[in-house]
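The values are calculated or read from the model by the stated rules, or taken from the named source; none is laboratory data. Small disclaimer: the values here were computed from a predicted structure and weren't measured. Because the Cβ atoms are built from the backbone with ideal geometry, glycine has one as well, and the counts that use them run over all protein chains shown.
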Amino acid sequence: MIDITSFTTIVIIIVVLYLISSIKILREYERGVIFRLGRLLDQPKGPGIVLVFAPIDRMVRVSLRIETLEVPPQDVITRDNVTVKVNAVIYFRVIEPRLAIVEVSNFLNATSQLAQTTLRSVLGEVELDELLSQRDKLNLRLQSILDQHTSPWGVKVTVVEVKQVDLPEQMIRAIGRQAEAERERRAKIIHAEGEYSAAEKLSMAAKVIQEQPVAIQLRYLQTLVEIGTEKNTTIVFPLPIDILSSLERALGKLGEPSKPANS
């Protein structure tokens with residue numbers, strides 16, 4: 001009788017320990033993909049308490065949080081035959097745990113390899129200027145292509161960002177010379193526009209002075225006041241403009257040939 005009781009106690013203890021070991025706790029961001037006798041169950045388990053009866057059941061934990069994957073630097077030859085090193089970062093998450101486990105052996109490694117090849121192929125179709133100036137457009141294109149390929153795996157690529165573009169030393173110097181020439185061109189254009197605006201204003205001022213001759217005298221007096229305020233030894237002799245005008249008309253009359261007397 002004692003032997004049967006001890007055996008029963010041992011069996012109960014083993015069953016209790018087995019049930020306790022079958023209890024799995026999944027966090028809020030985790031899902032459990034269950035294989036029962038090798039067959040995939042229809043729905044993933046979790047979050048919370050999940051019973052996994054080994055060895056009949058086998059559970060694979062899958063995180064639903066956004067993962068960050070850094071693409072190592074890739075040697076890219078652009079469409080205008082410039083060799084650059086480009087690296088990027090990818091943000092993605094698993095939206096279908098069953099597909100992420102069944103359709104691909106390692107979705108992290110598969111996504112990384114796909115990102116490297118896509119980065120080289122897409123950036124190799126653009127010129128260097130487009131790569132440097134239209135990075136947002138290229139990021140959206142990379143994200144669309146990667147998301148299209150990873151969708152059958154249950155993986156959603158949310159963001160792709162090209163982090164850094166390393167240029168050769170010669171290309172950096174060439175870009176510097178190009179930027180300097182562009183600045184000089186803009187400076188010349190701005191200077192020419194300023195000269196044109198000044199000429200227009202002077203033309204308008206000449207028309208006003210022509211209509212109101214007194215305006216030139218007022219301007220003349222204002223100039224004398226501005227010169228007098230400065231601490232200098234300049235001697236200014238004011239000469240009325242009317243005297244010069246009268247003298248000019250008198251000289252003009254003297255220079256005219258005399259008309260012969262009428263016979």
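Results, tabulated for the structure shown:
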| item | result |
| --- | --- |
| Pair list, Cβ < 8 Å and 6+ apart or interchain, from the stretch 1-29 residues that are within 23 Å of Ala54 (Cβ to Cβ) to residues that are basic (Lys, Arg) | Leu26/Lys45; Leu26/Arg61 |
| Lone qualifier among Ile209, Ile243, Ile235 - being at pLDDT below 80 and either assigned by TED's automatic domain parsing to the domain that holds Val86 or in contact with a helix residue (DSSP H, G or I) (Cβ under 8 Å, 6 or more places away or on another chain) (or both) | Ile209 |
| Residue in the stretch 64-86 that is at pLDDT 90 or above, buried (at least 16 other Cβ atoms within 10 Å of the Cβ), more than 23 Å from the chain's Cα centre (by Cα) and not small (Gly, Ala, Ser) present | yes |
| Number of the exception - Ala54 against (1) assigned by TED's automatic domain parsing to the domain that holds Lys163; (2) touching a helix residue (DSSP H, G or I) at 6+ places or on another chain (Cβ under 8 Å); (3) not β-branched (Val, Ile, Thr) | (1) |
| Qualifying residue in the stretch 119-133 (condition: in contact with an Asp or Glu (Cβ under 9 Å, 6 or more places away or on another chain), of a type in the set (S, T, N, Q) and modelled with pLDDT of 90 or more) | no |
| Residues satisfying the stated conditions in the stretch 62-85, i.e. among the charged types (D, E, K, R) and outside any strand (DSSP E or B) | Arg65, Arg79, Asp80 |
| Residue check for Phe35: within 30 Å of Glu161 (Cβ to Cβ), assigned to a strand (DSSP E or B) and aromatic (Phe, Trp, Tyr) | no |
| Exclusive hit being closer than 22 Å to Thr68 by Cβ and free of Cβ contacts under 8 Å to residues at least 60 places away in the same chain, set Ile145, Ile190 | Ile145 |
| Matching option when the condition is farther than 30 Å from Ser105 by Cβ and not in a helix (DSSP H, G or I), among Gln164, Gln178 | Gln164 |
| Residues satisfying the stated conditions in the stretch 132-181, i.e. touching a Pro at 6+ places or on another chain (Cβ under 8 Å) and crowded, with 16+ Cβ neighbours inside 10 Å | Gly154 |
| In the stretch 59-73, the residues that are of a type in the set (Val, Ile, Thr) and touching a Lys or Arg at 6+ places or on another chain (Cβ under 8 Å) | Val62, Ile66 |
